[in-house]
1. Going through the range 76-96 one residue at a time, which ones are at pLDDT 75 or above and part of a loop (DSSP other than H, G, I, E, B)?
2. Residue 151 is checked against (1) at pLDDT 85 or above; (2) in a strand (DSSP E or B) and fails just one. What number does that condition carry?
3. Is it true that residue 58 is in contact (Cβ under 8 Å) with a residue 60 or more places away in the chain and on the phi > 0 side of the Ramachandran plot?
4. Residues being surrounded by 15 or more Cβ atoms within 10 Å (Cβ to Cβ) and either over 42 Å from the mean Cα position of the chain (by Cα) or farther than 15 Å from residue 131 by Cβ (or both): count how many of those fall in the range 33-44.
C-alpha cells in the first residue's frame, strides 16, 4: 500500500513538472514545457542614427582702384629741361582658403549586426506544444551634408598716364609720361570633407 502511495505521489510531482515549464526569455531558451503549451520568444531591436551637416561659407573681396599720373609739360622755354610724370601701379592680391570638415559624419556609431539575442534554443517541450521564436532587427542610418561655399573676388582697376608736352622751346628737353601697371592676383583653395 505504501509503494502505491509513493508511486502516486511521484506521478503527481512528475505531472506538475511537465505542465509548469520554464521559459527563459533573457537567454532565448524555451525548456521543459508542458503538454499543449504555447511558448514564444520575441526580440525587437531598433537602431536609428541621424547626422545632418549644414555648412554655409562666404567670402567676398571687393577692390576698387584708380590711379592717374600727372601731365609732363615743358613748353615755351629757351633751354628746357626734362619733364617726367610719375608711374602709376595698381595691385590687388587675394589668398582665400576655405576648409570644411565634418568629422561627426565619420564618427557615427556602428550599428550592431543583430539584436540582443544571438541564438534561440527550444528543447524538451511537451506533446502538441507550439513554439515561436521571432527576432526583428531594424537599422536606420541617415547622413545629410549640405555645403554651400561662395568665394568672390571683384577687382576694378583704372590707371591713366598723364600727357607729355614739350612745345615751343628753343632747345627742348624731354617730356616723359609715367608707366601704368594693373596687377590682380587671386589664389583660391576650397576643401570640403564630410
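The values are calculated or read from the model by the stated rules, or taken from the named source; none is laboratory data. Given the structure is predicted, the values throughout are model-derived calculations rather than measurements. Every residue, glycine among them, receives a Cβ derived from its backbone with ideal geometry; neighbour counts consider all protein chains shown.
1. Step one: of the range 76-96, the residues at pLDDT 75 or above are 82-96.
Scanning the range 76-96 gives 82, 85, 86, 87.
2. (1)
3. Here the answer is no, as residue 58 does not meet what is asked.
4. Initially, the range 33-44 is screened for residues surrounded by 15 or more Cβ atoms within 10 Å (Cβ to Cβ), giving 33-34, 37, 39, 41, 43.
From what is left, the residues that are either over 42 Å from the mean Cα position of the chain (by Cα) or farther than 15 Å from residue 131 by Cβ (or both) are 33-34, 37, 39.
Matching residues across the range 33-44 total 4.
Rundown of residues vs (1) part of a helix (DSSP H, G or I); (2) in contact with a strand residue (DSSP E or B) (Cβ under 7 Å, 6 or more places away or on another chain); (3) at pLDDT 75 or above; (4) closer than 30 Å to residue 65 by Cβ, yes/no style:
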residue	(1), (2), (3), (4)
109	no, yes, no, no
113	no, no, no, no
116	no, yes, no, no
119	no, no, yes, no
128	no, no, yes, no
135	no, yes, yes, no
144	no, yes, yes, no
158	no, yes, yes, yes
